[in-house]
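The structure is given below, and queries will be raised subsequently.
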Amino acid sequence: MTDEHQETTHFGFQDIPESEKAGRVRGVFGSVASKYDVMNDAMSLGIHRVWKDAMMDWLAPRPGTRLLDVAGGTGDIAFRYLARAGQAHATVLDLTEPMLIEGRKRAEAERLSGSLDWVVGDAMALPFPDNTFDTYTISFGIRNVTRPQDALNEAYRVLRPGGRLMVLEFSQIPNELMQKVYDLYSFNIIPRMGQAIANDRDSYQYLVESIRKFPDQDTFLGMVKAAGFDNAKYRNLTMGIACLHSGWKI
């Protein structure tokens, strides 16, 4: 007998039981792990690098700090953080082990293994004690979490007092005409790129749909504040295609 009252969530434009989402997300990223970084460059025409640099500019990593990068995949944010901070330590957590394996390869190639830990885990139930990290980042990952509010609550728990949250995520363009143009590109071009480069159209169809289901800037800002973060604010990037949200655990 099925539970008629089971909570549901979205997987792209589909409504599915909450219990299924993590497995489906794991399947998506496990499928595209080896081509993930290449696809990021292709989909954004390389602009994702500018966004991530803007994230580091606002974050201003400091020496001696501990970073937790959630949904950190292949380590792109962690590598940037370590480069800016000089002497620091980063823990990369991801639900999908194949993504972490790709990141470990990069760390070994760049001789950064001693400054990095790689952990398979769930953003909604972090395997770390309270007050552990100075910085928490999540880049293009929170929209894939089954309950984003739970992930933000966990971020607050594991940060030390004075710690910083920084979320980089696709968002909504305030201009309706520009949003329509962006939609035409996203739904018609990106899945085709996924097929051509990663041999996986369906995964990139999901990723495009998941962007449209994610809350707008002000709604998500309210979620950051609800988790307990102070001085919370956001900055739009490239007209709002992406957005940075920042908050502090005071």
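Quick note: the coordinates plus some simple rules give every number you see, no bench work behind them. This structure is a prediction, so every number in the text was calculated from the model and none was measured. A quick note on method: Cβ atoms are made from the backbone with ideal geometry, for glycine too, and the neighbour counts reach across all protein chains shown.
Could you tell me which trypsin sites (Lys or Arg not before Pro) in region 31-124 are loop residues by DSSP with no more than 16 other beta carbons within 10 angstrom of their beta carbon?
Counting only loop positions with at most 16 other Cβ atoms within 10 Å, the trypsin sites (Lys or Arg not before Pro) in region 31-124 are Arg111.
Counting just the Cα atoms, what span does the chain cover along each of its three principal axes? Round to the nearest Å and put the largest first.
Rounded to whole Å, the extents work out to 45, 44, 42 Å.
Could you tell me which residue out of His10, Leu112, Ala242 lies farthest along the dipole of the chain toward its positive end? Charges go on the beta carbon: Lys and Arg +1, Asp and Glu -1, centred on the Cα centre.
Leu112
Shape verdict for region 91-195, please, from the Cα gyration tensor: rounded (a/c under 1.5), prolate (a/b greater than b/c) or oblate.
In terms of gyration-tensor shape, oblate.
Calculate, in nm to one decimal, what Arg201 and Leu45 gain on full extension: separation in residues at 0.36 nm each, minus their alpha carbon distance.
54.3 nm
For the chain, what is the charge dipole size about the Cα centre, in debye to the nearest 20, if Lys and Arg each add +1 at the Cβ and Asp and Glu each add -1 at the Cβ?
820 debye
Modelling each spin label as a point 7 Å along the Cα-to-Cβ direction, I'd like the Asp57/Val119 distance in nm, to one decimal.
About 3.1 nm, to one decimal.
Would you mind telling me the antiparallel percentage of the DSSP bridges in the chain, rounded to 5?
In the chain, approximately 45 percent of DSSP beta bridges are antiparallel ones.
Are any of the pairs Lys52/Lys233; Lys21/Lys213; Lys213/Lys233; Lys180/Lys213; Lys21/Lys249 more than 23 Å apart by Cα-Cα distance, and if so, which?
Over 23 Å apart, Cα to Cα: Lys21/Lys249.
Here's a follow-up. Label-point separation (nm) for Phe128 and Glu108, each offset 7 Å from Cα along Cα-to-Cβ?
Each label point is offset 7 Å from its Cα along the Cβ direction, giving 2.5 nm.
OK, next. Gln179 versus Trp248, label points 7 Å from Cα toward the beta carbon: distance in nm?
Going from the Gln179 label point to the Trp248 one covers 3.2 nm.
In a GNM of the chain with a 10 Å cut-off on Cα contacts, which of Ile197, Ile211, Ile138 has the highest mean-square fluctuation?
Ile197
Helix-only mean residue ellipticity at 222 nm, the chain, DSSP H runs n ≥ 4 weighted -39,500 (n - 2.57), per residue, nearest 500. What is it?
When only DSSP H runs of four or more count, the value is -15000 deg cm²/dmol.
Normalised by the residues of region 75-159, what does the relative contact order come to in percent, with Cα pairs under 8 Å and at least six apart?
After rounding, I find 27 percent.
How high is the FRET efficiency from Val38 to Glu7, r the C-beta distance, R0 41 Å, rounded to 0.05?
0.70
Next question, about the same structure. What order do you get for 222-229, 68-75 when each peptide is scored by the mean count of other beta carbon atoms within 10 Å, highest first?
Sorting 222-229, 68-75 by mean packing, highest first, produces 68-75, 222-229.
Rounded to the nearest Å, what's the spacing between the alpha carbon centres of region 1-75 and region 96-115? Just the number, please.
Distance between centres, Cα-based: 17 Å.
Counting only complete DSSP H runs, which helices of the chain cover 15 Å or more along their long axis at the Cα atoms and score a mean Kyte-Doolittle of -0.5 or above?
18-32, 47-59, 176-198
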